[in-house]
Structure formats: structure tokens, C-alpha cells
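Structure, as C-alpha cells:
The values are calculated or read from the model by the stated rules, or taken from the named source; none is laboratory data. Computed from a prediction, not measured in an experiment: that's the story for all the values here. Here the Cβ positions follow ideal geometry from the backbone for every residue, glycine too, while neighbour counts run over all protein chains shown. For accessibility, only protein heavy atoms count, side chains too; no ligands or nucleic acids. Shrake-Rupley method; radii C 1.70, N 1.55, O 1.52, S 1.80 Å.
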Amino acid sequence: MSAPRTFRAAISGLGFGQAAYIPILRSFPEIELVAVAARRLEKAEEVARRHGIAVHASSTEALLAEGLDLVCLALPPVASARAVEASLKAGSALLTEKPLALNSRELGEVSRMAAGPRPLGALVNFSFLELAVFQRLKAEIDAGRIGRLRRVDMRWQNESFAHRRHIWNWKTDRVQGGGVLTSLGSHVVYMLEYLFEPIAEI
């Protein structure tokens, strides 16, 4: 009997990518985390050394030379579209944070590329809906136990680590694609559709 296949993976973006994707990927014995990239090469080198990762780089494109099965992207919108496009062209499976692009033109181009037939997956990460509290809420709504819904008032009170500590982060930098709509809007729209029904008009 042959040994199970090992999937070679890499992470580009080492803020959330380091905090979340490194432990997640390492929890799967069939995944080998072979490379990481950050905008600052010295950060990529430090993270690679600390976690025993063989390759470090300063761009997603440099990672793709490693013959990867899976690329995980945790990049600001200003860098996302180019990295998504390069990963898809390389034929790697893709797990990416959102937003996928800086503007609607870039998003349209990326979406058209991702819509084609793919031997491996191309997924956008929405992790909040994996929490038991949201799954329970959906079950209650679907069962009709909270009555007939006429109006929904959603208030987002979650703050990021950087926001709480007043640390620079792309989410508050307009040039990088930050702002309320890009950092929180995608979560709110996705959650409304998950809990209720597809949105017809905005």
C-alpha cells in the first residue's frame, strides 16, 4: 500500500497568516508547510526560522516556484488581486482572505479567472460562521423559533488585535484598501445571506 500523498503548502502574508494559518495547516498531517512570504523579507525569514519552515520570500510569485499544491493568502486588498491571479495561473489550490481586490475592476478580473474549471479548489475564508453561536442562531431562525422576521439590525462589535492596541494595520489604511466596508462589510453581507436569504439589492 502506497504512503498517503503529502500536499505542499505555503502562506503569503504573515499577520493573520502567521497567527491562524500556520497552526491550522500544521494540524493536518498530510500537509507540509514548505514556504512563507511577507512584504518585508526579514519578517519572512524570522517567521520561517522560528517555525522551522524551509523557504522564505518577499512575494507570492517567489513562493509559487516551489511547486505548491496549496497557497494561503492573507494580504491587504492592494496586493490581493495580483497574488490571487498568480496562484490561479500556477494551478495551485487557493485559500484566501478577503477582500480579493482593491476595486470592482480588479475583482471582476479575478472572479472571471476563478470561475473556470479547476482541478483543485479556490476558496475564500469566512471563519466566523464555523462558530457554534452562529450555527445555533441559524438553526433557531430556520426552525421559526424566534418568530416572523420583518427587520434585522446587525451591530458588529468585534475589534481586531491591531485596532484594540492602536497598531498600524491595512484595515485602517485607505491606500492599502482599508476601511469599514472592506474590513467588515464582506463579513456582514456573507452573514446576512447565511442566516436569512440572498440579498436582492444594496
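One table, with the values for the structure above:
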| quantity | calculated |
| --- | --- |
| Heavy-atom accessible area ranking, 1.4 Å probe, most first, across ARG105, ARG8, ARG174 | ARG174, ARG105, ARG8 |
| Accessible solvent surface per residue of the chain, calculated while the other protein chains remain in place, 1.4 angstrom probe, Å² | 63 |
| Phi-based couplings in Hz for the range 38-52 (Karplus 6.51, -1.76, 1.60; Gly and Pro marked x) | 9, 4, 9, 4, 5, 5, 4, 5, 5, 5, 4, 5, 5, 9, x |
| Global geometry of the chain, whether rounded, prolate or oblate, following the gyration tensor of its Cα atoms and the 1.5 cut on a/c | prolate |
| Principal-axis tilt of helix 104-114 within the chain, Cα atoms, nearest 10 degrees | 70 |
| With DNA, RNA and ligands ignored, accessible area of ASP173 (1.4 Å probe; Å², nearest 10) | 40 |
| Solvent exposure, largest accessible area first (probe 1.4 Å, DNA, RNA and ligands not counted), of ILE11, ILE31 | ILE31, ILE11 |
| Accessible surface of MET154 - all protein chains present, 1.4 Å probe, nearest 10 Å² | 60 |
| Angle between the chain longest axis and helix 132-142 axis [Cα atoms, degrees, rounded to 10] | 40 |
| Structure-based [θ]222 nm, the chain - -39500 (n - 2.57) summed over DSSP H runs of at least 4, per residue, nearest 500 | -9500 deg cm²/dmol |
| VAL124-ALA19 pseudo-label distance in nm [points 7 Å out on the Cα-to-Cβ vector] | 2.1 |
| Per-residue ³J(HN,Hα) for the range 63-71, Karplus 6.51 cos²θ - 1.76 cosθ + 1.60, θ = phi - 60°, Hz, x for Gly and Pro | 5, 5, 5, 7, x, 8, 8, 9, 10 |
| On Cα atoms only, tilt of 186-195 relative to the major axis of the chain in degrees | 50 |
| Cα gyration tensor shape for the range 1-84, rounded if a/c is under 1.5, else prolate or oblate | prolate |
| Per-selection Kirkwood Rh - the range 94-169 (Cα, Å, 1 d.p.) | 16.5 |
